[in-house]
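The values are calculated or read from the model by the stated rules, or taken from the named source; none is laboratory data. If you're wondering where the values come from, they're calculated on a predicted model, not measured in any experiment. Positions of Cβ are backbone-derived with ideal geometry, glycine not excepted, and every protein chain shown enters the neighbour counts.
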Amino acid sequence: MSDDIPIPGTTRLPGVGLRLELTDIDGTALQVVRRNDGVAELHLPDNHVIRLDEDASHTLAAFMSGRYLMPPELTTRLSDALSCLRFDWCRLAPDAFAVGKSIEGLEIRARTGVTIVAILRGSIPMVPPDPTMSLAAGDELVYASPEHLAEGFERYVNEGT
Amino acid sequence: MARELMALGASFLLAGVLARGGGKVGLPTIPLFILAGMIVGPHTPGAVLFKHPDELELLAAFGLIFLLFHLGVEFSVEDLVAGGRPLLASAGIRLLLNIGCGVAFGFALGWGSREALVIAGATGLSSSAIVTKVLVELRRLANVESPLILGTAVMEDLFVALYLAALAPVFGKADGVAESLWLFARAAGFLVLLALVARYGAGWIGKLVSGVEDELLIVSFIGFAFLVAGLSAEIGVSEAVGAFMAGLILARTPSARRIERFVLPLRDAFGALFFFAFGLSIDPAGISEIVVPAVAAILMSLVLALVTGVIAARFTGLDRLATANLAATLVSRGEFALILVALTAGAGLDPRLSPFVALYVLVLAVLSPILATRSHLVARVIPSRLIRT
């Protein structure tokens with residue numbers, strides 16, 4: 001079990017989560033812990049700890065990075081409303097099968113039954129995406145999928161099978 | 001039916017109320033669940049909700065299976081590898097010393113050689129549940145020693161499975177050496193088979209349990225865990241090891257993260273019953289007979305915690321306070337000691353074993369968080385010339 005992106009400066013906390021070490025502008029060490037249960041802990045000097053739940057930490061991450069991330073509460077609400085429909089997104093790794101190919105060329109909907117509703121490239125959301133445009137490494141594919149087809153879709157764009 | 005439901009409900013509530021009270025003063029839940037069992041059990045004055053722990057046998061078995069299954073799902077080789085050689089060396093030496101001294105202590109007690117093996121496992125292995133909880137509650141996840149402490153706990157989780165697998169045939173009903181060897185070979189063969197399934201068959205198993213709605217996923221993974229646990233018990237590897245292996249197999253499927261999340265509430269609910277049922281079996285009168293050996297074992301474990309802490313510090317360059325944190329946190333004992341005793345319950349072992357382990361676990365489960373909170377005092381016991389900083 002490991003879906004962790006190896007960000008430089010992270011240490012594993014086995015059974016608990018991941019820890020990121022940073023220094024602030026004045027050189028003071030800060031540590032951020034991302035627990036497997038979704039809680040984020042910000043460890044500040046003098047043993048101060050701020051704990052954020054999953055939603056708050058996602059909001060903070062989106063705000064800090066200045067990038068539009070799909071708000072988790074929105075996807076949850078959508079998924080709840082359309083019980084078996086799942087809204088999710090995945091990021092294309094440099095070696096993903098879909099890199100350099102277009103949505104049309106990949107025949108995404110025919111082969112996987114999943115619809116790509118948006119592509120986020122950097123801070124630019126492409127809604128709806130141009131089906132003839134080549135996908136690039138780092139693109140976030142936002143997709144709508146019946147629950148049971150999502151895994152097949154992610155496998156297809158990553159591995160081509 | 002009505003009576004059993006009322007008894008179960010009252011037991012859960014009592015366990016919850018006690019554990020909440022304990023939590024306010026920083027105590028972990030396990031000793032308080034045991035205490036709840038003792039209070040309403042047949043051996044103490046006052047209300048008796050269950051006359052015999054066997055009344056909860058199946059539900060407590062669910063607890064044991066979910067405890068081990070969760071460990072398996074959560075286990076990751078990367079966690080061990082990430083710690084590198086300092087982790088492997090310091091955790092390896094810790095295990096060797098703790099188990100070695102435990103065996104010697106067990107034989108010195110003279111209760112029998114099978115009893116000695118149980119005592120070694122019970123006194124040698126930390127409680128991952130308490131360790132994790134202490135680190136989170138004392139806000140120590142950012143400390144330098146925390147990855148080492150958690151890595152050690154993970155390595156001990158793996159050792160628990162191996163130790164249980166090795167012990168299970170010892171407690172089987174074998175007549176003679178030849179049959180023992182056959183049982184051992186059969187058990188080992190079955191484990192190898194499960195390991196091969198984990199390595200090569202995860203995709204196929206994944207199709208069986210994953211890619212479906214939450215409800216179906218939950219039903220399927222519980223079915224898989226119970227089936228593998230039951231098969232393992234039938235073959236003589238013990239249901240606990242089977243549950244761990246089932247978890248390892250499912251950890252390699254795409255649904256691992258979801259399973260990990262869903263199994264937690266099951267583990268918490270049935271795990272509480274497992275500890276509660278253990279409490280039911282404890283007779284305080286029996287405890288008074290084993291106070292001396294239990295206190296001796298507790299002292300041994302405290303000394304070993306300091307010794308192994310100093311050794312770990314030499315491998316990893318921890319300072320005195322970090323060493324004290326490590327020693328105090330890892331001296332906690334809990335679920336593994338109780339699982340060992342529970343699994344050997346039917347093997348006709350010395351009746352003093354169960355109360356011995358109960359008192360040992362109760363004291364260390366309570367003492368460890370207290371010491372961890374005051375680790376600056378523990379640090380004073382560690383001679384500074386032993387620490388390289």
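Condition test on residue B:82, is it modelled with pLDDT of 90 or more and within 14 Å of chain A (Cβ to nearest Cβ)? Step through it out loud before you land on a result.
Details: modelled with pLDDT of 90 or more: no; within 14 Å of chain A (Cβ to nearest Cβ): yes.
No: the conditions fail for residue B:82.
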Residue B:55 is checked against (1) part of a loop (DSSP other than H, G, I, E, B); (2) at pLDDT below 90 and fails just one. What number does that condition carry?
(1)
Residue hits (region A:9-49; loosely packed, with under 14 Cβ neighbours inside 10 Å and under 23 Å from residue B:73 (Cβ atoms)) are A:37
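Using the structure shown, decide if residue B:2 is touching a Ser or Thr at 6+ places or on another chain (Cβ under 7 Å) and of a type in the set (Gly, Ala, Ser). Let's see the steps before the verdict.
On the way: touching a Ser or Thr at 6+ places or on another chain (Cβ under 7 Å): no; of a type in the set (Gly, Ala, Ser): yes.
Considered against the rule, which asks whether it is touching a Ser or Thr at 6+ places or on another chain (Cβ under 7 Å) and of a type in the set (Gly, Ala, Ser), residue B:2 comes out as no.
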Across region B:195-205, which residue is nearest to residue A:85 (Cα to Cα) among those that are touching a helix residue (DSSP H, G or I) at 6+ places or on another chain (Cβ under 8 Å) and at pLDDT below 90?
B:205
Please go through region B:97-119 and pick out each residue that is loosely packed, with under 15 Cβ neighbours inside 10 Å and part of a helix (DSSP H, G or I).
B:100, B:104, B:108, B:113
Kindly provide the set of residues from region B:285-301 that are closer than 17 Å to residue B:110 by Cβ, of a type in the set (Val, Ile, Thr) and surrounded by 16 or more Cβ atoms within 10 Å (Cβ to Cβ), ordered by number.
B:290
Quick check: is even one residue across region B:309-316 of a type in the set (Lys, Arg) and either within 16 Å of residue B:153 (Cα to Cα) or free of Cβ contacts under 8 Å to residues at least 40 places away in the same chain (or both)?
no
Those helices (runs of 4 or more DSSP H) completely within region B:174-261 that have 3 or more residues that are more than 14 Å from chain A (Cβ to nearest Cβ) are B:176-200, B:214-235, B:239-251
Is at least one residue of region B:138-145 assigned to a helix (DSSP H, G or I), within 11 Å of chain A (Cβ to nearest Cβ) and at negative phi?
no
Within region A:45-57, does at least one residue satisfy the condition of being touching a His at 6+ places or on another chain (Cβ under 6 Å), closer than 14 Å to residue B:140 by Cα and modelled with pLDDT of 90 or more?
yes
Kindly check whether there is at least one residue in region A:79-102 that is touching a strand residue (DSSP E or B) at 6+ places or on another chain (Cβ under 8 Å), over 16 Å from residue A:160 (Cβ atoms), loosely packed, with under 13 Cβ neighbours inside 10 Å and at pLDDT below 75.
yes
Has region B:150-168 got at least one residue that is within 14 Å of chain A (Cβ to nearest Cβ), under 30 Å from residue A:43 (Cα atoms) and in contact with a strand residue (DSSP E or B) (Cβ under 9 Å, 6 or more places away or on another chain)?
yes
Residue B:94 vs. criteria buried (at least 24 other Cβ atoms within 10 Å of the Cβ), among the charged types (D, E, K, R), closer than 30 Å to residue A:29 by Cβ and away from every other protein chain (no Cβ under 14 Å)
yes
Within region A:130-157, can you find the residues that are within 12 Å of chain B (Cβ to nearest Cβ) and polar (S, T, N, Q)?
A:145
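Regarding residue B:228, is this residue at pLDDT 95 or above, among the β-branched types (Val, Ile, Thr) and more than 17 Å from the chain's Cα centre (by Cα)? It would help to see each step written out before you state the result.
Numbers: at pLDDT 95 or above: yes; among the β-branched types (Val, Ile, Thr): yes; more than 17 Å from the chain's Cα centre (by Cα): yes.
Against the criterion (at pLDDT 95 or above, among the β-branched types (Val, Ile, Thr) and more than 17 Å from the chain's Cα centre (by Cα)), residue B:228 qualifies.
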Residues (of a type in the set (A, V, I, L, M, F, W, C), surrounded by 14 or more Cβ atoms within 10 Å (Cβ to Cβ) and at pLDDT 85 or above) located in region B:161-187
B:161, B:164
Go through region B:49-95 residue by residue and tally those that are of a type in the set (Ser, Thr, Tyr) and more than 16 Å from residue B:150 (Cα to Cα).
0
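Kindly indicate the residue of region A:100-118 that is of a type in the set (Val, Ile, Thr) and touching a residue at least 40 places away in the same chain (Cβ under 8 Å) and also nearest to residue A:151 (Cα to Cα) among those meeting that condition. Steps first, please.
Going residue by residue through region A:100-118, those that are of a type in the set (Val, Ile, Thr) are A:103, A:108, A:112, A:114-117.
After this cut, where a residue has to be touching a residue at least 40 places away in the same chain (Cβ under 8 Å) as well, the list is A:108, A:112.
Numbers: A:108: 13, A:112: 10 Å.
Here the residue is A:112.
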